[in-house]
Amino acid sequence: MSDPTNAPVNPHLAAYAARGLKGRILSGVQPTGNLHLGNYLGAIRNFARLQGDYECFYCVVDLHAITQPQDPAQLAAQTREIAAAYLAAGIDASRHAIFNQSAVPAHAQLAWVFNCVARLGWMNRMTQFKEKAGKDRENASLGLYAYPALMAADILIYKATHVPVGEDQKQHLELTRDIAIKFNNDFAQPDFFPVTEPLILGAATRVMSLRDGTKKMSKSDPSDFSRITLTDEADAIAQKIRRAKTDPHPMPADAAEAEKRPEADNLLGIYAALADIDRDAAIAEFAGRQFSDFKARLTDLAVEKLGPMGAEMKRLMADPAHVDRVLRAGADKANAVAEPILAEVYRAVGFLRP
Ligand code: TYM
């Protein structure tokens with residue numbers, strides 16, 4: 001029988017516990033425009049909620065953004081937009097780091113090492129590459145293919161123990177664990193890199209398109225009506241919810257029925273997340289009622305919850321110098337943690353530092 005006093009302790013977590021913390025977080029969002037409700041409910045809102053219990057590094061992943069074509073002037077504006085969203089969501093930049101990835105060179109430096117640790121067979125299984133490359137795979141960038149190894153580097157360059165994300169990033173986090181374990185085995189000690197835990201939290205970890213309940217809400221969907229963006233005004237939010245696809249039946253009676261009706265299920269998940277209740281409570285609240293009643297209530301709630309945040313984002317985006325100062329200070333904090341870890345990695349790999 002196992003003796004609890006001899007149970008293996010994750011030394012990374014033990015060190016944080018001694019400081020009254022649950023661990024260290026790294027997460028990121030791509031500055032590719034159209035920041036939407038899925039990004040907020042699946043990720044950014046949780047970033048803010050976790051900041052009391054973790055030491056946090058919140059990154060705007062501009063290196064990841066250029067795996068697909070970006071307009072350089074827009075990329076800079078979109079980078080500030082994500083930083084503004086982090087701040088507007090309530091992340092305290094005086095206690096945690098908000099920064100852009102390219103300002104911390106160790107991400108790209110560790111990513112190269114991980115390109116040499118990750119196996120082609122692992123990368124070939126990544127579904128996001130297949131989705132993003134589409135049919136014209138020969139024409140996809142090499143960066144798009146290597147994307148998950150850079151993501152592993154984002155996380156492990158801080159030896160982050162936890163990563164809050166939406167459900168779509170789960171496979172990338174499994175790869176991150178595989179890379180950490182292989183690096184530890186090949187070059188270091190069993191606990192050199194932590195085996196990172198995903199934090200997939202809330203009632204809307206996979207928000208679907210408002211036009212098609214079987215497709216993920218995404219920044220790149222050509223239809224603006226597929227997503228609510230974080231800077232939408234109240235009338236745009238109302239119009240998008242009014243036009244959201246539904247089915248001809250009254251609201252589902254129970255969870256089993258909701259599961260079979262993707263559009264209803266998605267809207268109920270959004271409602272539950274915004275109201276901070278669980279999905280079953282949302283289903284019970286509207287069971288058997290008309291969609292029009294439900295949509296009116298959902299609109300009020302979405303405007304109430306998103307309106308102030310959108311207004312704050314716009315205020316911050318009108319002051320780019322302030323946002324840049326936040327990013328600069330965040331990069332300094334992040335570099336101070338990342339550089340010594342990169343030095344340890346380089347030593348372990350055998351790179352000479354003459
Ligand atoms: P990105 O920019 O596509 O999305 C940012 C975050 O939003 C979540 N998300 C969603 N959650 C619920 N429903 C949706 N429809 C939805 N769409 C997006 C994503 O899961 C993510 O948490 N590869 C990452 C960026 C990244 C990263 C990292 C994340 C780069 N390095 C390191 C964590 C740790 C991405 O493309 O996110």
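The values are calculated or read from the model by the stated rules, or taken from the named source; none is laboratory data. Model, not experiment: these values are computed from the prediction. Virtual Cβ from ideal backbone geometry, glycine too; neighbours counted across all protein chains shown. Heavy atoms of the whole protein, side chains included, go into the accessibility calculation; ligands, DNA and RNA do not. Shrake-Rupley method; radii C 1.70, N 1.55, O 1.52, S 1.80 Å.
Observations
- Comparison of P262, P248 shows that the only residue that is over 26 Å from the mean Cα position of the chain (by Cα), over 15 Å from L298 (Cβ atoms) and not charged (D, E, K, R) is P248.
- Complete set of residues in segment 245-281 that are under 12 Å from V207 (Cβ atoms) and among the β-branched types (V, I, T): I270
- A single member of R261, R353 is over 27 Å from Q78 (Cα atoms), open to solvent by 10 Å² or more (accessible area, probe 1.4 Å) and modelled with pLDDT under 95, and it is R353.
- Set S220, S292: member being closer than 24 Å to M309 by Cα and either assigned to a helix (DSSP H, G or I) or within 16 Å of the ligand (Cβ to nearest atom) (or both): S220
- Filter result (in a helix (DSSP H, G or I) and in contact with a strand residue (DSSP E or B) (Cβ under 7 Å, 6 or more places away or on another chain)) within segment 228-286: P262, N266
- First in segment 312-338 and under 15 Å from A97 (Cβ atoms) and surrounded by fewer than 21 Cβ atoms within 10 Å (Cβ to Cβ), second anywhere and hydroxyl-bearing (S, T, Y) and modelled with pLDDT of 95 or more, Cβ under 7 Å, 6 or more apart: V337/Y158
- Residue list for segment 214-227, filter: open to solvent by less than 30 Å² (accessible area, probe 1.4 Å) and within 15 Å of the chain's Cα centre (by Cα): M217, S218
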